[in-house]
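Every number here is computed from the coordinates shown, using simple stated rules; none is lab data. What you are looking at is a predicted structure, and each value in this text was computed from that prediction instead of being measured. Cβ sites come from the backbone with ideal geometry, for glycine too, and all protein chains shown count toward neighbours.
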Amino acid sequence: MKAVKSYKFWFCTGSQDLYGDECLKKVAKHSQIIVEELNKSGILPFEVVWKPTLITNELIRKTFNEANMDEDCAGVITWMHTFSPAKSWILGLQEYRKPLLHLHTQFNEEIPYDTIDMDFMNENQAAHGDREYGYIVSRMGIERKVVMGHWSDKNVQERIASWMRTAIGVIESSHVRVMRVADNMRNVAVTEGDKVEAQLKFGWEVDTYPVNEIAEAVGAVSESDTNALVDEYYDKYEILLEGRDPAEFRRHVAVQAQIELGFERFLEEKNYQAIVTHFGDLGALKQLPGLAIQRLEEKGYGFGAEGDWKVAAMVRIMKLMTSGMKDAKGTSMLEDYTYNLVKGKEGILQAHMLEICPSIAEGPISIKCQPLSMGDREDPARLVFTSKEGPGIATSLVDLGTRFRLIINEVDCKKVEKPMPKLPVATNFWEPRPNLYTGAEAWILAGGAHHTAFSYDLTSEQMADWADAMGIESVIIGADTTIRNFKNELKWNAAVYR
Ligand code: MN
């Protein structure tokens, strides 16, 4: 997918002038070396930018406000090399509005046993300087990530990298605009939600357009553009005619190509990055968008079915968070469909009537045309595939009436035992952690939906940190989950998030 812009993260080192200029020179030198080495590591997805040492209220306030104003700055990394009296940080922190990482590190890895003296200790005292700073950030109730360890440690660098992706999710959230070409499905509860509150909390704009307005944009796509895209499909995917007439099949595929181009142009023109459709509100569209939506998702658009705008926004954000990731395995909307309850082979078959993103595919991707009972239109063309194995996370953002809750389930994706030749849709299959029974019970207790935003490339920690930054409740269902503790957590959270 299209990468997000080249965000940068500022590296701000705290100190004071108590130990003289000589000491401050070393502080600056040390933090410059750390920044250089972090950038050279090849582990961080974004560049770190060194900033002059912060020692006064005025400079700290100015620097944080500059970070706010700089559109390329996605967050600030702070580290107190020496003791930095934390009252100096209050005004700057009060006015700062972007993601904050507290890197609790020190320049030297080992205590220099033979040479250590008081000067060395005064110069290298993050162990207490970072505690003073941590106190004020905690007292101010500011959300931040704390990462502890030596800056050269691969694990520390990976944790910084992981937080950077969370920060992108936070920064980009307020730029997500969801186009609804239909309301949510009649009578369905979990896909509903408070769009005003969503804008307050997440910055999302969720707007409706009459379906025929977008159908007109589809109708305006020329035959030659459509045919060129169909040719691309035929080059890229396997064609499963299954006895259908080749010319008729191609006409059906062309409908989706025209929808893809029409939707994409409409979304781009009006600056939307996510879309919802609804099989019950198709207007002049000839088919339920299937292949077309799958391709748009692969390009980075968020998608939610049956008007599910919360899933559409979450898919978009999670795609942004994984943007540019080497060896990314994919992110998609999915839906819990049906269980395998055979002992030792338990899991949930994931699919949708059409719209699964091919970024999660493994093996061949084929085009099929099959009747669809939903939608009352001609047989839609769709991409069919199975998905990769390995760990992933399924998320569901629900509106509990007084607040949002993000439910995150760690899952293990597997191959199904046998092919499913009669199933004409893309699928995934996973076993929730800690196991199907506890995982599904906890999911239901938390009010998790049947639609999910799924990714192989993000962790429950990243998504929970994102929720914290958004000021909403999150719960993780993972290897350690027990129903008793989980129920208690939900009760305690109800007291906290009121
Ligand atoms: Mn659905």
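Could you give the distance between the Cα centres of region 326-353 and region 131-209, to the whole Å?
25
How long, wide and thick is region 112-240, going by the Cα atoms along their three principal axes, in whole angstroms, largest first?
The Cα atoms of region 112-240 stretch 79, 41, 24 Å along their principal axes.
Which length gain, in nm to one decimal place, applies between Glu378 and Thr402 when the Cα-Cα distance is subtracted from 0.36 nm times their residue separation?
In short, 4.5 nm is gained.
Convex hull over the Cα atoms of the chain, averaged projected area in nm²?
Quarter of the Cα hull surface area: 25.9 nm².
In nm, what is the difference between 0.36 nm times the number of residues separating Leu423 and Ser138 and their Cα-Cα distance?
97.3 nm
Please state the Cα pair-distance histogram of region 244-356 with 10 angstrom bins from zero: what percent is in each bin?
13, 38, 31, 15, 3, 0
For Lys491, give me every one of the aspartates and glutamates with a C-alpha distance below 14 angstrom, ignoring sequence neighbours fewer than eight places off in its own chain.
In chain and number order, the partners are Glu473.
Below 29 Å, Cα to Cα, which lysines can Lys343 reach? Residues fewer than 8 away in the same chain don't count.
Cα-Cα hits under 29 Å: Lys329, Lys388, Lys414, Lys415, Lys418, Lys422, Lys487.
Give the calculated FRET efficiency between Lys299 and Met118 to the nearest 0.05, with a Förster radius of 45 Å applied to their Cβ-Cβ distance.
Numbers: r = 60 Å, r/R0 = 1.33.
Efficiency, rounded to the nearest 0.05: 0.15.
Rank Gly363, Asn155, Ile348 by how far each Cα sits towards the positive end of the charge dipole of the chain (+1 on Lys, Arg Cβ; -1 on Asp, Glu Cβ) and give me just the farthest.
Ile348
Under the Kirkwood approximation for Rh and a Cα-based Rg, what ratio Rg/Rh is obtained for region 51-95?
0.94
Simple spin-label model, 7 Å along Cα-to-Cβ: Val496 to Met325 in nm?
Between Val496 and Met325, the simple spin-label model gives 2.5 nm.
What angle, in degrees between 0 and 90 and rounded to the nearest 10, separates the Cα long axis of helix 126-139 from the longest principal axis of the Cα atoms of the chain?
Compared with the principal axis, the helix lies near 60 degrees.
Between Asn65 and Gln199, what FRET efficiency follows from the Cβ-Cβ distance if R0 is 22 Å, with the result rounded to 0.05?
0.35
At what distance in nm do the modelled label points of Lys415 and Glu22 sit from each other, each positioned 7 Å from its Cα along Cα→Cβ?
Distance between the two pseudo-spin positions: 6.7 nm.
Specify whether the C-alpha gyration tensor of region 303-426 places it in the rounded, prolate or oblate class, a ≥ b ≥ c being the square roots of the eigenvalues: rounded for a/c under 1.5, otherwise prolate if a/b is larger than b/c and oblate if not. Spell out each step's value before the answer.
Numbers: a/c = 1.38, a/b = 1.19, b/c = 1.16.
Judged from the Cα gyration tensor, region 303-426 comes out rounded (a/c under 1.5).
Please grab the % of Cα pairs in region 426-498 that end up more than 21 Å from each other.
Tail of the P(r) past 21 Å holds 27 percent of the pairs.
So, how do all the Cα-to-Cα distances of region 118-169 break down into 5 Å bins, in percent, from 0 on up?
Going out from 0 Å in 5 Å bins, region 118-169 shows 4, 16, 19, 19, 23, 13, 5, 1, 0 percent.
Mind sorting Lys368, Lys201, Lys326 by how few other Cβ atoms lie within 10 Å of their own Cβ, fewest first?
Arranged by neighbour count, lowest to highest, Lys368, Lys201, Lys326 become Lys326, Lys201, Lys368.
Treating only the Cβ of Lys, Arg, Asp and Glu as charged (+1, +1, -1, -1), what charge dipole size does region 8-173 show about its Cα centre? Round to the nearest 20 debye. Working shown, then result.
Values: 18 positive and 24 negative charges, 124 e Å.
Dipole magnitude for region 8-173 comes out near 600 debye.
Does anyone have the angle between helix 20-40 and the longest principal axis of the chain? Alpha-carbon axes, 0 to 90°, nearest 10?
Computed tilt is about 20 degrees.
With +1 on each Lys and Arg Cβ and -1 on each Asp and Glu Cβ, and nothing else charged, work out how big the dipole of the chain is about its Cα centre, in Debye to the nearest 20.
Numbers: 56 positive and 73 negative charges, 150 e Å.
Result for the chain is approximately 720 debye, rounded to the nearest 20.
Just for the Cα atoms in region 12-89, what are the lengths along the principal axes, largest first, rounded to whole Å?
36, 26, 15
Using Cα-Cα distances under 8 Å and only pairs 6 or more residues apart, what relative contact order does the chain have, in percent?
13
Where Lys and Arg each count +1 and Asp and Glu each count -1, what net charge lies around Gly401 among other residues with Cβ under 12 Å from its Cβ?
Its environment carries a net charge of -1.
Please find the FRET efficiency linking Tyr339 to Arg484, where r is the Cβ-Cβ separation and R0 is fixed at 25 Å, and quote it to the nearest 0.05.
Working from the Cβ atoms, E equals 0.60.
Report the local net charge at Asn155: Lys and Arg +1, Asp and Glu -1, summed over other residues whose C-beta lies under 14 Å from its C-beta. List each step's numbers first, then the result.
Numbers: positive: Lys154, Arg159; negative: Glu109, Asp153, Glu158, Glu461.
Neighbour charge sum, excluding Asn155 itself: -2.
Would you check region 8-173 for Lys pairs whose C-alpha atoms are within less than 14 Å, ignoring same-chain pairs closer than 8 in sequence, and give me the count?
Lysine pairs satisfying the spacing and distance rule in region 8-173 number 7.
Where does the charge balance sit around Asn187 when Lys and Arg score +1, Asp and Glu -1, over other residues with C-beta under 15 Å from its C-beta? Spell out each step's value before the answer.
On the way: positive: Arg186; negative: Asp183, Glu192, Asp281, Glu306, Asp308.
Taking every Cβ under 15 Å from that of Asn187, the sum is -4.
So which lysines pass the test for Lys270, namely a Cα distance under 25 Å, with those fewer than 8 places away in the same chain ruled out?
Lys2, Lys5, Lys195, Lys201, Lys286, Lys299, Lys310, Lys319
Label points 7 Å out from Cα along the Cβ direction at Glu248 and Glu389: separation in nm?
With each label placed 7 Å out from Cα toward Cβ, I get 4.0 nm.
Place a +1 charge on the Cβ of each Lys and Arg in region 448-498 and a -1 charge on the Cβ of each Asp and Glu, then give the dipole magnitude about the Cα centre in debye, rounded to the nearest 20.
Details: 4 positive and 7 negative charges, 80 e Å.
Around 380 debye, computed over region 448-498.
In whole Å, how far is the Cα centre of region 229-307 from that of region 365-429?
So the separation of the two Cα centres works out to 17 Å.
Based on DSSP, what percent of beta bridges with both residues in the chain are antiparallel, to the nearest 5?
Of those bridges, close to 50 percent are antiparallel.
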